[in-house]
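Undergrad: Let me begin by handing over the structure; questions about it come next.
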Amino acid sequence: MTPKQFELFKAQLSRLTPQQLQTLQGEIRQKNETRTKERDGAALLTEEEMTVISSLFA
């Protein structure tokens, strides 16, 4: 993803409803867990870090 595409993506996030943000958050969490298992079993993010990120969507 180019920097410009990323900025457009971030702008689109601000238009999502709380329900849509929660759905996206759940999908991100699932992807993180899947990638972690595929790599070496070490989490990319700790549970504490996920909690902080979650608070951004609340």
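The values are calculated or read from the model by the stated rules, or taken from the named source; none is laboratory data. These numbers come from a predicted model, not from an experiment. Cβ sites come from the backbone with ideal geometry, for glycine too, and all protein chains shown count toward neighbours. These accessible areas exclude ligands, DNA and RNA; they are computed on the full protein's heavy atoms, side chains included. Shrake-Rupley method; radii C 1.70, N 1.55, O 1.52, S 1.80 Å.
Undergrad: Kindly list, by first and then second residue, each pair from a residue in the stretch 1-17 that is open to solvent by less than 100 Å² (accessible area, probe 1.4 Å) to a residue that is part of a loop (DSSP other than H, G, I, E, B), limited to pairs with Cβ atoms under 8 Å and residues at least 6 apart or on different chains.
TA: Filtered contacts from the stretch 1-17: Phe9/Met1.
Undergrad: Right, another one. Tell me, which residue of the stretch 10-45 that is of a type outside the set (A, V, I, L, M), modelled with pLDDT under 80 and in a loop (DSSP other than H, G, I, E, B) is farthest from Leu56 (Cα to Cα)?
TA: If we take residues in the stretch 10-45 being of a type outside the set (A, V, I, L, M), modelled with pLDDT under 80 and in a loop (DSSP other than H, G, I, E, B), then Asp40 is farthest from Leu56 (Cα to Cα).
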